[in-house]
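Q: The structure that follows is given in the form of structure tokens.
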Amino acid sequence: MDRDEIERWLDELRTEHRDLDEVIRHLIETRHSDTMRIQRLKKRKLKLKDTIARLESELIPDLDA
């Protein structure tokens, strides 16, 4: 995967992460009764965060000491 592809993928993942954050916040504020759904969304959001961090680290060039 080249740098441009990774950056495009990162943009998509960041957008999905923000969208999930808004959905989760809305469900909590409206006291949604489906707590399992909220937990699944939170788990998905955490996986996205981990993937984003991994991809961002791939964009950092390795520095030989």
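The values are calculated or read from the model by the stated rules, or taken from the named source; none is laboratory data. What you see is a predicted model; the values in this text were computed from it and never measured. Heads up, the Cβs are rebuilt from the backbone with ideal geometry, glycines too, and the neighbour counts pull from every protein chain shown.
Q: So which residues in the stretch 39-65 are modelled with pLDDT of 95 or more and over 20 Å from Thr15 (Cβ atoms), if there are any at all?
A: Of everything in the stretch 39-65, just one residue is modelled with pLDDT of 95 or more and over 20 Å from Thr15 (Cβ atoms), namely Gln39.
Q: Residues of the stretch 13-42 being surrounded by 11 or more Cβ atoms within 10 Å (Cβ to Cβ) and of a type in the set (Asp, Glu), which ones?
A: Passing the criteria: Glu16, Asp19, Asp21.
Q: May I ask you to list pairs of residues, at least six apart or on different chains, whose Cβ atoms are under 8 Å apart, with the first in the stretch 7-35 being closer than 15 Å to Leu46 by Cα and in contact (Cβ under 8 Å) with a residue 40 or more places away in the chain and the second being of a type in the set (D, E, K, R) and part of a helix (DSSP H, G or I)?
A: Short answer, once both residue conditions are applied: Leu10/Glu56.
Q: Just the residues that are among the aliphatic types (A, V, I, L, M) and either more than 22 Å from Ala53 (Cβ to Cβ) or modelled with pLDDT under 95 (or both), please, taken from the stretch 14-35.
A: Leu27, Ile28
Q: Hey, another quick one. Give the number of residues within the stretch 50-61 that are free of Cβ contacts under 8 Å to residues at least 40 places away in the same chain and surrounded by 14 or more Cβ atoms within 10 Å (Cβ to Cβ).
A: The number of residues fulfilling the criteria is 1.
Q: Now for a separate question. Considering Ser33, Ser57, which residue is among the polar types (S, T, N, Q) and outside any helix (DSSP H, G or I)?
A: Only one candidate qualifies: Ser33.
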